[in-house]
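Q: Pasting a structure below so you can have a look.
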Amino acid sequence: MGFLSKLFGGKEEGNTAQNTGEIILVSPMSGDVISLEEVPDPVFSQKMMGDGIAVNPSEGKVVAPADAKVLNVFPTKHAIGLETAGGLELLIHVGLDTVNMKGEGFDVKVSEGDQVKKGDVLLTYSLELVREKAASTITPLIISNGDLVKQMEKHEHVKAVAGETPVMTIKIK
């Protein structure tokens, strides 16, 4: 069970019939892709919530990194949880310490339970306001149920285009 399921309730076991294969995650944002270890927050850099990548964004738009179901939209609008058809749970956490902004400057375009396609806009936000009010604009993309991951290939240190540039290739158990 992944972090999102533990936090918000969810199924204990994934649908094992779908938990096979490969999932290619594209960047949820345009910007520079960096490793999680470079994120200036120990919760992410030490992978306490799970493994993944991060993006230093060049614009205030977040898109779906894969076809998925929206598991959760955090009340403070700074983070969204998704689940792919294979049961992979993803957390997109816009900026660092953005929870303290209490939703200011964020405009969520989806609701819990929505089905989204790769590249669909999940939320937009004021990049300038996040620069001003948060610790960082760096945005982690985390796999919160890494126990499903058989193999992960990360594509870091590239310039990414939201919804297009592959950032992780995941083989599911």
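The values are calculated or read from the model by the stated rules, or taken from the named source; none is laboratory data. Every value quoted in this text rests on a predicted model; they were computed, and no experiment measured them. Cβ coordinates were reconstructed from backbone atoms using ideal geometry, including for glycine residues, and neighbour counts include every protein chain displayed. Each accessible area value is taken on the protein alone, full model and side chains, heavy atoms only, with ligands, DNA and RNA left out. Shrake-Rupley method; radii C 1.70, N 1.55, O 1.52, S 1.80 Å.
Q: Starting from residues that are touching an Asp or Glu at 6+ places or on another chain (Cβ under 7 Å) and under 23 Å from Thr124 (Cα atoms), keep the ones in the range 1-28 and report whichever is modelled with the lowest pLDDT.
A: That would be Leu4.
Q: Filter the range 69-88 down to the residues that are open to solvent by 40 Å² or more (accessible area, probe 1.4 Å), within 17 Å of Asn145 (Cα to Cα) and part of a loop (DSSP other than H, G, I, E, B) and list them by number.
A: Once the filter is applied, which keeps residues that are open to solvent by 40 Å² or more (accessible area, probe 1.4 Å), within 17 Å of Asn145 (Cα to Cα) and part of a loop (DSSP other than H, G, I, E, B), the range 69-88 yields only Ala85.
Q: Hey, among the residues in the range 19-35 that are part of a loop (DSSP other than H, G, I, E, B) and among the small types (Gly, Ala, Ser), which one's farthest from the chain's Cα centre (by Cα)?
A: Top of the filtered list is Ser30.
Q: Going by the structure shown, is Lys77 among the charged types (D, E, K, R), touching a residue at least 60 places away in the same chain (Cβ under 8 Å) and farther than 20 Å from Ser35 by Cα?
A: No.
Q: Determine if the range 92-106 includes at least one residue that is within 16 Å of Ile143 (Cβ to Cβ), in contact (Cβ under 8 Å) with a residue 12 or more places away in the chain and crowded, with 20+ Cβ neighbours inside 10 Å.
A: yes
Q: Shifting gears a bit: Step by step: first the residues of the range 36-68, then only those that are assigned to a loop (DSSP other than H, G, I, E, B) and acidic (Asp, Glu), then the one that is nearest to Glu153 (Cα to Cα). Which residue is that?
A: Top of the filtered list is Asp67.
Q: Okay, next question. Looking at Thr165, is it under 24 Å from Pro40 (Cβ atoms), of a type outside the set (A, V, I, L, M) and in contact with a helix residue (DSSP H, G or I) (Cβ under 6 Å, 6 or more places away or on another chain)?
A: On the way: under 24 Å from Pro40 (Cβ atoms): yes; of a type outside the set (A, V, I, L, M): yes; in contact with a helix residue (DSSP H, G or I) (Cβ under 6 Å, 6 or more places away or on another chain): no.
No, not satisfied.
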